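Enquirer: Attaching a single structure in structure tokens format; questions to follow.
The values are calculated or read from the model by the stated rules, or taken from the named source; none is laboratory data. Every value quoted in this text rests on a predicted model; they were computed, and no experiment measured them. Here the Cβ is made from the backbone with ideal geometry for all residues, glycine too, and neighbour counts use every protein chain on show.
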Amino acid sequence: MNAEQTCWTLVEAAGTGNPHARELFARVYLPVVRAYLRSRWGGGPRSAHVDDAVQETFVECFRENGALGKVERSPTDKFRTFLFGVVRNVALRFEERSAREHARRPSELAPLEAVPSGEERASRAFDRAWAEELLRRAAERQEAKARARGPEAVRRVNSSGCGSRRTCRSATSPRDGTSTRPISIANTPRRGTNSRRR
């Protein structure tokens, strides 16, 4: 079973109300949702509502006839895109509520939260958190496979820098044709640029 099948299996189980699947879903995607909202709202007044918006995102996913009940497995569409849409819509609802509340107080000066949000910055934060979560889960699978193969495999994984750390160096030798170049979030090209983050 590949990672995409595992993702859809988890999503479908959480969508049917399976408590264990919902708990795992929340643990896996909480950092992604929170990173998007924090980045979108920065340090401004809306940042005080991040936890509420995170909670509303998961309520939107888990409620009866909610988002997870409507999502369909697709060979071309990724769940990442679907979840991005859900959290973005929740953020927009919070922003619209805030704008309506501000409109009821016309005598006040425009608060900082009336300034348009950093959608592009938030999108990059979502992508980064998504990639970090994928790398974390891959490292966990690598560690589990090594444990199943024995102490020598565990030693190779630990000595190569793999595991639950942020960077992972291939545990295989160069003579088998595999790269030993470190894989890390910092070496992942950012969307819309050809440069690498240093």
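Enquirer: Out of all the residues in region 71-86, is one or more hydrophobic (A, V, I, L, M, F, W, C) and modelled with pLDDT under 90?
Expert: Checked region 71-86: at least one residue is hydrophobic (A, V, I, L, M, F, W, C) and modelled with pLDDT under 90.
Enquirer: Being buried (at least 17 other Cβ atoms within 10 Å of the Cβ) and at pLDDT below 95 narrows it down to one residue among Arg27, Arg34; which is it?
Expert: Arg34
Enquirer: Hey, any hits in region 69-77 for a residue that's of a type in the set (Ser, Thr, Tyr), out of contact with any Lys or Arg (no Cβ under 6 Å at 6 or more places or on another chain) and not assigned by TED's automatic domain parsing to the domain that holds Ala131?
Expert: Within region 69-77 (the criterion being of a type in the set (Ser, Thr, Tyr), out of contact with any Lys or Arg (no Cβ under 6 Å at 6 or more places or on another chain) and not assigned by TED's automatic domain parsing to the domain that holds Ala131), the answer is yes, since at least one residue qualifies.
Enquirer: Kindly provide the set of residues from region 27-83 that are of a type in the set (A, V, I, L, M, F, W, C) and within 14 Å of the chain's Cα centre (by Cα), ordered by number.
Expert: The answer is Val28, Leu30, Val32, Val33, Ala35, Leu37, Val54, Phe58, Phe79, Phe82, Leu83.
Enquirer: Still on this structure, I have one more. What are the residues in region 37-46 that are in contact with a helix residue (DSSP H, G or I) (Cβ under 7 Å, 6 or more places away or on another chain), surrounded by fewer than 20 Cβ atoms within 10 Å (Cβ to Cβ) and within 19 Å of Arg128 (Cα to Cα), if any?
Expert: Listed by number, the list holds a single entry, Arg38.
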